[in-house]
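Colleague: Could you have a look at this structure, given as structure tokens, before my questions?
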Amino acid sequence: MFKKVLIANRGEIALRVIRACREMGIRTVSVYSTADSNSLHVKFSDEAVCIGPPPGRDSYLNIPRIISAAAITNADAIHPGYGFLAENAGFAEICSETGFTFIGPQPSAIRLMGDKSVAKDTMRSAGVPVVPGSPGTVEDPEQARRVAEEVGFPVIVKASAGGGGKGMRVVQGPDEIEHAFVTAQTEALAAFGDGSLYIEKFIEEPRHVEIQVMCDRHGNGTFLNERECSIQRRHQKLIEESPSPIISPELRAKMGEASLAGCEYVNYEGAGTMEFLVDRHRNFYFMEMNTRIQVEHPVTEESLGIDLIREQIAVAAGETLTLRQAPPRKHAIEVRINAEDPYNDFRPSPGRVTTLHLPGGHGVRIDSHVYQGYTIPPNYDSLVAKLITFGETRSSAIAKMRRALDEFVIEGVKTTIPFHKMMMEHEVFLSGQFDTRFIDTSEWRDRLPKEGHP
Ligand code: MV4
């Protein structure tokens, strides 16, 4: 097992990894920017190295500085968390070339999944259901139109280098395709330096359901059920749960087996997530694979009673996978409490947390790096806390979430708590019958608690 792990991240995920390492008897090294010198990940690790000023490119994204920090502290392995360098194949490669184990999949798997069009073609070859569309990329608007006529409108044009919604255009009919192609290509080229596009049938009212997988290097792999992630705003998830209210044991088995077939096909190692769209007829289609641990991993942990970070570290150290497939034991829900103002289009609200009281008690988990007096810097994401509740049934998890949200006191910054209080009473959320369009198309703004009156 590793003796010392460097965590190339910040915030709650850095803390989550430090905690797992502590429990495993592994020493930890934090890296931090000057914006984070008062952060808990710096205080809770055994060692900490300042790697630069606040901008990501000068600190948490700066590969030479992170590798230097690992070298001077004599770390064995590097955990990338999520975001920053977590899905940078070049970084994973440099880690192993400089003698550090990258806690994640092989660089080749990261690179393969980073190109969405290649990932889709690979998964199709592995027998995973994919949305009908162009094999590979489309080179010009004329080829795009031919593919669209074949699969039938509406279609969606997507950037191969994209993910998370950038460089996407929905096309309703043939007269719109040229414009969509040109604007998507321009956007993709500007955002990713790669203008390649592919086309697929547009799925209406889709749900986002993802499968957690974990594989070791000895050929063992398992799927750890699904997470329902359809409540999103601008491709940022706000609420996640496991199990999904719409997934039957039969569908779970099908999606899980398909995910594992995909992993086996690419000899996947480590933790990963297969993202699927599920249509109104409960057909499922592979969308993307995330080759990292995800923000919402705690709902899987609390539903199954497992520790994904511990397992991720163990398989990276070469141990044999000990997790086994099992039906959900509990229903778990996570809400993301962000320093954002839900009354003002979720505008970021960084600043000093003057008062903080965190909820607790039966069936409640908080993953947070925030403490009273801490200043949330404006430089990074706005996640303040992940509040997870879990119980025997979905309705008991929701009852605990309502209670926990009522106990939560945070002053000094605006947060998404009022949004989540509203959601835990919203009949569409309670029914489980929602899709990815909820935030854009449902009535919810006038149901937020009156401002200043929780
Ligand atoms: C789609 C789709 C409908 N049909 N593909 C959005 C982000 C990227 N990962 C893929 N996305 C979508 N792809 C087809 N063929 C609808 C979306 C989509 C979406 C997907 C998951 C969660 C939220 C979403 C919000 C808008 C659009």
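Colleague: Which one is farthest from the ligand (Cβ to nearest atom) among residues in the range 287-302 that are more than 11 Å from the chain's Cα centre (by Cα) and open to solvent by 20 Å² or more (accessible area, probe 1.4 Å)?
Modeller: Going through the qualifying residues, I end up with Glu302.
Colleague: Further question on the same structure: Within the range 24-42, how many residues are open to solvent by 10 Å² or more (accessible area, probe 1.4 Å) and touching a residue at least 40 places away in the same chain (Cβ under 8 Å)?
Modeller: So the answer is 4.
Colleague: Here's another thing I want to ask about it. Take the range 36-64 and flag every residue that is closer than 17 Å to Gly81 by Cα, out of contact with any Lys or Arg (no Cβ under 6 Å at 6 or more places or on another chain) and among the charged types (D, E, K, R).
Modeller: Of everything in the range 36-64, just one residue is closer than 17 Å to Gly81 by Cα, out of contact with any Lys or Arg (no Cβ under 6 Å at 6 or more places or on another chain) and among the charged types (D, E, K, R), namely Arg57.
Colleague: Suppose we filter Arg329, Arg310 for residues that are open to solvent by 10 Å² or more (accessible area, probe 1.4 Å), assigned to a helix (DSSP H, G or I) and in contact with a helix residue (DSSP H, G or I) (Cβ under 9 Å, 6 or more places away or on another chain); which single one remains?
Modeller: Values: Arg329 fails: assigned to a helix (DSSP H, G or I).
The conditions single out Arg310.
Colleague: To continue, here is another question. Need the failing condition index for Phe284 against (1) out of contact with any strand residue (DSSP E or B) (no Cβ under 9 Å at 6 or more places or on another chain); (2) of a type in the set (Phe, Trp, Tyr); (3) within 16 Å of the ligand (Cβ to nearest atom), just the number.
Modeller: Here Phe284 clears every test but (1).
Colleague: Same structure, new question: Under 7 Å between Cβ atoms, at least 6 apart or on separate chains: pull out the pairs that start in the range 204-219 with a residue that is on the phi > 0 side of the Ramachandran plot and end on any residue that is within 16 Å of the ligand (Cβ to nearest atom).
Modeller: Close Cβ pairs satisfying both conditions: Glu205/Arg280; Glu205/Asp435; Glu205/Arg437.
Colleague: Could you tell me whether His420 is more than 21 Å from the chain's Cα centre (by Cα) and surrounded by 14 or more Cβ atoms within 10 Å (Cβ to Cβ)?
Modeller: On the way: more than 21 Å from the chain's Cα centre (by Cα): no; surrounded by 14 or more Cβ atoms within 10 Å (Cβ to Cβ): yes.
So His420 does not fit the description; no.
Colleague: With the requirement that a residue be within 14 Å of Pro64 (Cα to Cα) and touching a residue at least 60 places away in the same chain (Cβ under 8 Å), what does the range 92-108 give you? Outline the logic, then answer.
Modeller: To start, the set of residues in the range 92-108 that are within 14 Å of Pro64 (Cα to Cα) comprises 92-100.
The one that is within 14 Å of Pro64 (Cα to Cα) and touching a residue at least 60 places away in the same chain (Cβ under 8 Å): Phe100.
Colleague: Just give me the residues in the range 160-180 being open to solvent by 20 Å² or more (accessible area, probe 1.4 Å) and in contact (Cβ under 8 Å) with a residue 24 or more places away in the chain, in sequence order.
Modeller: First, the residues of the range 160-180 that are open to solvent by 20 Å² or more (accessible area, probe 1.4 Å): 161, 163-166, 168-170, 172, 174-176, 178-179.
Ala161, Gly163, Gly164, Gly165, Lys166, Val170, Pro174, Glu178, listed by residue number.
Colleague: Hey, could you check the range 168-212 for residues that are away from the ligand (no atom under 11 Å from the Cβ) and of a type in the set (Asp, Glu) and say which is farthest from Pro154 (Cα to Cα)?
Modeller: Ranking the candidates gives Asp194 first.
The values are calculated or read from the model by the stated rules, or taken from the named source; none is laboratory data. None of the values given here were measured: they were computed from a predicted structure. Here Cβ is always computed from backbone atoms with ideal geometry, including for glycine, and neighbour counts include all displayed protein chains. Keep in mind that these areas ignore ligands, DNA and RNA; they rest on the heavy atoms of the full protein, side chains included. Shrake-Rupley method; radii C 1.70, N 1.55, O 1.52, S 1.80 Å.
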